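Working notes, beginning with the structure itself.
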Amino acid sequence: MPAGAGFEGGDLPEVVTIGVSIHVPEPYGSAVQDARAGFGDPLARSIPTHVTLLPPTEVASTRLAGIEAHLRAVAAGHRPFRMLLQGSGTFRPVSPVVFVRVEEGAQECRVLEADVRSGPLSRELAFPYHPHVTVAHGLPDEVLDQAYEKARGFHATFEVTGFVLSRFGPDEVWRPWRGYPFGA
């Protein structure tokens, strides 16, 4: 996933589903995926542990070069920052989601999200942006309650040095596609 590499074209469908996120590094990323799997979340292994900057968005593959240039410019305008993930939160009753809170780095995520979701990636959101790391989604209430309790003890600190463009594959798995380091 080299930064700045061009999109290889020939085998792309006319429309691709992309997302932009900050990936949570190891060992924390696997710990969250393991917890999701333990709660029976069917999406646990198909989504890398992340903080969303651009939710799933369908784009014409002919627009990818412009999107890549936009993301490079956004990354160049930002600097690394510290992220602290700690404690639990939920979007219930509005949405059946339990998450780990972004305690430090949330403001940087908000600024970054606004920059990413501009220009060729400008779009409306279904809900106001709230940086978080999903632990359980769409599960029965009693399982969401358990996830909430378990996530209360989660703690991770790391340096965020860039973000990732991911693609939703035909097998319904999200895979990192390109990395964009800050200040590059």
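The values are calculated or read from the model by the stated rules, or taken from the named source; none is laboratory data. Quantities reported herein were computed from a predicted structural model and do not represent experimental measurements. Please note: Cβ atoms are built from the backbone with ideal geometry, for glycine as well, and neighbour counts cover all protein chains shown.
Remarks
- A Cβ distance below 8 Å, combined with a sequence gap of six or more or placement on separate chains, defines the contacts here; from region 57-70, residues that are surrounded by fewer than 16 Cβ atoms within 10 Å (Cβ to Cβ) reach residues that are of a type in the set (Lys, Arg) in the pairs 57/123.
- Residue 41 passes every criterion in (1) surrounded by fewer than 18 Cβ atoms within 10 Å (Cβ to Cβ); (2) among the charged types (D, E, K, R); (3) within 21 Å of residue 171 (Cα to Cα) apart from (1).
- Filter pass, residue 105 being in contact with a Lys or Arg (Cβ under 7 Å, 6 or more places away or on another chain) and surrounded by 12 or more Cβ atoms within 10 Å (Cβ to Cβ): yes
- Qualifying residue in region 103-114 (condition: in a strand (DSSP E or B), in contact with a Leu (Cβ under 7 Å, 6 or more places away or on another chain) and of a type outside the set (A, V, I, L, M, F, W, C)): yes
Conditions (1) more than 27 Å from residue 100 (Cα to Cα); (2) in a loop (DSSP other than H, G, I, E, B); (3) at pLDDT below 95; (4) within 11 Å of the chain's Cα centre (by Cα), marked per residue:
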| site | (1), (2), (3), (4) |
| --- | --- |
| 3 | yes, yes, yes, no |
| 10 | yes, yes, yes, no |
| 13 | yes, yes, yes, no |
| 20 | no, no, no, yes |
| 32 | no, no, no, no |
| 41 | no, yes, yes, no |
| 46 | no, yes, yes, no |
| 53 | no, no, no, yes |
| 59 | yes, no, no, no |
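- Of the residues 92, 36, 110, the single one that is free of Cβ contacts under 8 Å to residues at least 60 places away in the same chain, closer than 30 Å to residue 142 by Cα and of a type in the set (Lys, Arg) is 92.
- Subset of region 128-163 (residues that are among the acidic types (Asp, Glu) and over 17 Å from residue 49 (Cα atoms)): 141, 142, 145, 149
- Qualifying residues in region 121-145 (those that are in contact with a strand residue (DSSP E or B) (Cβ under 8 Å, 6 or more places away or on another chain) and assigned to a helix (DSSP H, G or I)) - the one farthest from residue 106 (Cα to Cα): 143
- Of all positions in region 168-184, at least one carries a residue that is farther than 19 Å from residue 35 by Cβ, modelled with pLDDT of 95 or more and of a type in the set (Ser, Thr, Tyr).
- Condition check for residue 98: touching a strand residue (DSSP E or B) at 6+ places or on another chain (Cβ under 7 Å), of a type in the set (A, V, I, L, M, F, W, C) and either closer than 28 Å to residue 64 by Cβ or in contact (Cβ under 8 Å) with a residue 12 or more places away in the chain (or both): yes
- Any hit, region 116-124, residues being among the acidic types (Asp, Glu) and either under 17 Å from residue 34 (Cβ atoms) or surrounded by fewer than 16 Cβ atoms within 10 Å (Cβ to Cβ) (or both): yes
- Positions within region 149-184 being assigned to a loop (DSSP other than H, G, I, E, B) and closer than 18 Å to residue 68 by Cβ, in sequence order: 182, 183, 184
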